[in-house]
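The values are calculated or read from the model by the stated rules, or taken from the named source; none is laboratory data. Everything quoted here is computed from the prediction, not taken from an experiment. Cβ atoms come from the backbone with ideal geometry, glycine included; neighbour counts cover every protein chain shown. Areas reflect the complete protein model, heavy atoms only, side chains present, ligands, DNA and RNA absent. Shrake-Rupley method; radii C 1.70, N 1.55, O 1.52, S 1.80 Å.
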Amino acid sequence: MLQYPKLFKPFLIGETLFRNRIFTSPTGYMDFMWDGTTPTEEFIAYYEKKAMGGAATVCIGECHINPAVSRTGKLGVDITNDASMRFMARLAERIRRLGAVPSMELQHGGMVADAHLGPSPEYIDGYDIVKCNEMTEKQIYDTILMFAEAAARVKYYGYGMVTVHGGHGWLLQQFFSPAVNKRTDKWGGSAENRARLAVAVCDAIHDSCGSGFPIEIRMSVTEFEDGYDVPEGIEYAKQLDGHADIIHCSAGLHGRTKNGNALMWAPSMYDEDGKFVQYAAEVKKHVKKSMVSSVGAHSDPELMEEILATGKADIINAARALNCDPDLPNKARAGRRDEIRKCIRCYGCSDALFPSFRIYCALNPETGRDNEFTRFAAPPKKQRVLVVGGGIGGMEAAISCAEQGHSVLLCEKSGRLGGILLCEENVPFKKDTMRYIEFQKSKLEKLGVEVRLNCEVTPQFLEATKADAVIASLGSKHAVPKIEGISSDHVISVEEAYMDPGRIGEHVVIIGAGPSGSELGVYLDSLGKKAEIIEMRDKMPGPGVTSMVTRLELESRGIYIHFGAKAERITPEGVLCSTPNGELLLPADTVVAATGVVPRIDEAFALSAVSPVFHIVGDCAGRFNIMNATETARTIAGVIGR
């Protein structure tokens, strides 16, 4: 069993799966090309290494929502720059394929940015009064829009989450702070008013990216003697509760400190481990909807587990600890605590930023130089690998592991390899998919992979096999929508429709125009059935080109899609829908629910607590297409035994 079960318990926020509770705090590795915004391959490798090391998220720091007004200094990721973001998309893809959630930190420096915009016309820097530009009402609303547009771009370029920087003296904290915010309008005065901007930013991001897109907001629970203290910080957290998905509890601020310590937000060697967990614990007592994260001097998995087990926090954020040892999560999961290289909090990483603009580590010479060292990577240590699930992802994982020289056992619960796609084996336009499945089966045989069919893997089975590593590729099942009448005899799933089209009457209504529903419409039409499709959204969901091609095929066959139609009730006569033009009854002999799939996460979770090395790939990781299944499986296979 796992030594740290709380730390490595996967969880969901919205539709995003996090493989454990160790998040990377944003760090500003600022090695850019000549334009000052396009990252180098070394930049990409620095963050990629953290995904390889097993962290649940990898957060890119110093990302400016609009450099003209938000940037502090001359370097950092320009989210508005398409050329730069194409490189960032490459990084997001690498992180995602390694099983972590890529995130970007959205920054606005406010009064300390180059544009010097702040809540009030002046602020105190140490003992000096500094003039800045007081934001107008329009500039405040423009800023909210900038955050939302930046998040939407981040999502478009492949990132699964954003971290809104609301701490350490940046713009949102400036509005929190009574030492800086002297406004008398709705953006100043009470705690509710001072938190209004941060709340509005979170709401605007959810509006632009969807309620299921995770938002982490970093806040300073206290400014110490330079501003507000813990009770007021808790009031801000209470305002953010439910608006941000995660409240990341830091402390302190850059500059503006009377005691001259500009690094109070980063505990030193003189501080105890987990110094700031007390702030997360206090916030946790007062918020009900948001998860709470602790950050600050977390290098010991024993302490991390204790924090989670006692309910002081839900998540652990780490920055320098993962610079010192990017493999900390993997080592902790495998019970190799003694092999973790622990940060000594010497600030060598901060010092290295200037003039190199890279993050190095006094104890780990590979950090910041990852490309140099991976050229000399040793071959993998041969492992006994158990792959659970014989669908597309499972077969690719088994093949890739075998090609690396590992001994592989592939177990499939059913009597055939191929997974959920087997239901389409009689569909003429899916013949190439079926051919691919046979090709993969042939490769398994040639590589000598042991395949066991009709073999259900349980935690007890896992323990008996004593595998060094487990890859779970358990697939998904069809989602059952909450529609009145969904359990009626004439309602079937997509899988049932493909496997037994004889059950389908002459007139069928398909609920959902995603790939499975729209492609089913084409198939049923080829069988002489009359099909109609209803879709809640105003366009076909799914990949753009694929959707476009399928829609053209539907149109050529005269298959109508009712966009903006929501199925409210299924009756013996058909499907009653609500539309912008009122109620619509679509007659149907048979109704097919093509409303997406649900990953078999619970089954994967049940297995995750047994193996020292555990990975999830394919549909059960929430990545619902063949490309994601195969690329993730091959990437994961490449890091096993290294």
Projecting the Cα atoms of Met434, Leu474, Thr458 onto the charge dipole of segment 430-498, where Lys and Arg contribute +1 and Asp and Glu -1 at Cβ, the residue farthest towards the positive end is Met434
So the pair-distance distribution of segment 450-552, from every Cα-Cα distance in 10 Å bins, comes to percents of 11, 34, 23, 18, 12, 1
Relative to the chain, whose Cα atoms define the longest principal axis, helix 41-52 and its Cα axis are tilted in degrees, nearest 10, by 70 degrees
Scoring segment 371-480 by relative contact order with C-alpha pairs under 8 Å, at least six apart, yields a percentage of 40 percent
Quick calc, Glu122 & Val480: beta-carbon distance into FRET formula, R0 51 Å, rounding 0.05, result 0.30
Loop-resident trypsin sites (Lys or Arg not before Pro) in segment 493-584 with no more than 15 other Cβ atoms inside 10 Å, DSSP not H/G/I/E/B, are Arg537, Lys539, Arg557
A student applying the Cα gyration tensor rule (rounded when a/c is under 1.5; otherwise prolate if a/b is larger than b/c, oblate if not) would label segment 501-605 rounded
Rounded to the nearest whole number, the per residue volume of the convex hull around the C-alpha atoms of segment 551-642 in Å³ is 161 Å³
A student applying the Cα gyration tensor rule (rounded when a/c is under 1.5; otherwise prolate if a/b is larger than b/c, oblate if not) would label segment 283-363 oblate
Answer in debye to the nearest 20: the dipole magnitude of the chain about its Cα centre, from +1 Lys/Arg and -1 Asp/Glu charges placed on Cβ, is 1180 debye
Violations at 25 Å Cα threshold for listed pairs Lys138/Lys288; Lys6/Lys289; Lys9/Lys284; Lys6/Lys466; Lys441/Lys477; Lys49/Lys381 -> Lys138/Lys288
Debye calc, one equal point scatterer per Cα of segment 85-241, no solvent, log10 I(q)/I(0) at q = 0.21 1/Å comes to -1.31
Per the charge dipole of the chain (beta-carbon charges, Lys/Arg positive, Asp/Glu negative, Cα centre), the residue among Val617, Thr72, Ala195 reaching farthest to the positive end is Val617
For the chain, the charge dipole (Cβ of Lys, Arg +1; Cβ of Asp, Glu -1; about the Cα centre) points to a positive end, and the Cα of Gly574, Gly391, Ser293 closest to that extreme belongs to Gly391
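Keeping the other protein chains in place, figure out the carbon and sulfur percent of the accessible area of the chain, with a 1.4 Å probe. Before the final figure, lay out each step's value.
Values: 13770 of 26310 Å².
Exposed carbon and sulfur together represent 52 percent of the surface.
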Between Arg569 and Glu506, Cβ-based FRET efficiency (R0 25 Å, step 0.05) works out to 0.70
A student applying the Cα gyration tensor rule (rounded when a/c is under 1.5; otherwise prolate if a/b is larger than b/c, oblate if not) would label segment 215-367 oblate
Residues whose built amide H sits under 5 Å from the amide H of Leu106, excluding neighbours closer than 5 in sequence, are Thr163, Val164, His165
For the chain, longest principal axis from Cα atoms; helix 515-526 axis from its Cα atoms; angle between them, nearest 10 degrees, is 20 degrees
Computed, not fitted: 222 nm per-residue ellipticity of the chain from DSSP H runs ≥ 4 (each -39500 (n - 2.57)), nearest 500, equal to -10000 deg cm²/dmol
P(r) of the chain over all Cα-Cα pairs, 10 Å bins starting at 0, rounded to whole percent, reads 3, 15, 23, 24, 18, 11, 4, 1, 0
The size of the Cβ-based charge dipole (Lys, Arg +1; Asp, Glu -1) of segment 98-208 about the Cα centre, to the nearest 20 debye, is 160 debye
Over segment 15-133, the quotient of the Cα radius of gyration and 2.2 N^0.38 Å is 1.21
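Show me the three semi-axes of the equivalent ellipsoid for segment 420-459, from the C-alpha gyration tensor (sqrt of 5 times each eigenvalue), largest first, rounded to whole Å. Walk me through the numbers on the way to the answer.
On the way: eigenvalues 111, 51, 7 Å².
In descending order the semi-axes read 24, 16, 6 Å.
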